[in-house]
Amino acid sequence: MTANTPIISLRNVYKFYGQLTALNDVSLDIYPGEKVVIIGPSGSGKSTLLRSINRLETVDLGKIVVDGVDVNDPATNINKVRQDLGMVFQNFNLFPHKNVLENLTLAPTKLRGMSQEAANLLAVELLKKVDISDKAAAYPSRLSGGQQQRVAIARALAMSPKIMLFDEPTSALDPEMIGEVLDVMVNLAREGMTMVCVTHEMGFAREVADRIIFMDKGEILEEGGPEHFFANPSHPRLQKFLQQIL
């Protein structure tokens with residue numbers, strides 16, 4: 001995999017829910033180390049596109065290749081592909097009956113074959129990274145939403161993924177907790193992680209994105225760098241969208 005080879009490639013992808021076309025002929029390449037932010041109104045296909053990358057949604061037509069592997073090929077071991085794809089959801093999806101340390105060490109020991117000792121050391125480092133090293137023994141119910149989401153990010157990082165996918169990671173948070181999660185994501189971006197993020201946080205998009213994708217009605221209507229996107233959007237639908245949210 002070179003910097004000139006896409007690490008994620010979608011070609012002519014369609015997804016239907018009955019009469020609804022959730023993805024309409026979507027083609028997109030994402031390169032190693034790139035930070036791509038996907039924005040658009042509710043129901044525009046953003047989350048469906050993101051979830052299709054690791055086959056949480058199965059597309060009806062088209063091809064999705066991740067790190068050289070066709071994710072929709074019946075012969076593909078999707079669980080192996082997902083080991084390199086960290087995914088952070090709107091709702092934190094932590095195991096409520098396990099403490100923070102156990103949440104972080106479960107996948108590396110079970111799926112990567114890491115020793116418990118090595119996994120514990122890694123978990124402690126990652127909790128430092130997301131600035132909650134004092135919460136290793138806490139259970140999810142004792143944490144704020146922002147803390148739970150930071151644990152979820154650390155848990156995804158514990159698998160040493162090549163790519164991080166974020167599906168509106170701050171949308172379930174109280175406003176004062178959004179910043180603490182975005183700070184972690186900004187630091188991750190600065191370290192060079194390949195990131196694809198569906199979000200409504202325009203300040204984050206402006207600061208972090210190499211490229212912003214605007215979707216509506218299952219189609220990519222415009223893409224470009226933050227400067228073009230916010231200063232000189234060309235598609236009328238994007239202009240209207242930005243007027244409403246900025």
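The values are calculated or read from the model by the stated rules, or taken from the named source; none is laboratory data. Predicted model, so just to flag it, every value in this text is computed and none were measured. Every residue, glycine among them, receives a Cβ derived from its backbone with ideal geometry; neighbour counts consider all protein chains shown. Ligands, DNA and RNA are excluded from the accessible area calculation, which covers all protein heavy atoms including side chains. Shrake-Rupley method; radii C 1.70, N 1.55, O 1.52, S 1.80 Å.
For the reader, a short list of remarks on this structure follows.
- For the cross-link pairs K15/K80; K15/K46; K46/K80, the ones whose C-alpha atoms lie over 20 Å apart are K15/K80; K46/K80.
- Hydrodynamic radius of the chain per Kirkwood, over alpha carbon pairs, in Å: 18.7
- Heavy-atom surface analysis with a 1.4 Å probe gives the chain a carbon and sulfur content of 48 percent of its accessible area.
- Sequence-distant aspartates and glutamates (8 or more away, or on other chains) whose Cα lies within less than 15 Å of K240: D216, E222
- Rounded accessible area per residue of the chain, 1.4 Å, Å²: 47
- Relative intensity of the range 25-120 on a log10 scale, I(q)/I(0) at q = 0.10, 0.13, 0.16, 0.23 Å⁻¹, equals -0.37, -0.61, -0.88, -1.29, per a Debye sum over C-alpha point scatterers of equal strength in the absence of solvent.
- Residue with peak Gaussian network fluctuation, the chain [Cα springs, cutoff 10 Å], from G113, G86, G225: G113
- Within a Gaussian network of the chain (alpha carbon springs, distance under 10 Å), most fluctuating of M87, M202, M164: M202
- Antiparallel DSSP beta bridges within the chain, as percent of all bridges there, nearest 5: 55
- Within the listed set K129, K80, K162, the residue fluctuating most in the Gaussian network model of the chain (springs between alpha-carbon atoms under 10 angstrom) is K80.
- Shown here for the range 184-242: GluC sites (Glu not before Pro) in loop regions (DSSP other than H, G, I, E, B) with at most 13 other Cβ atoms within 10 Å, namely E191.
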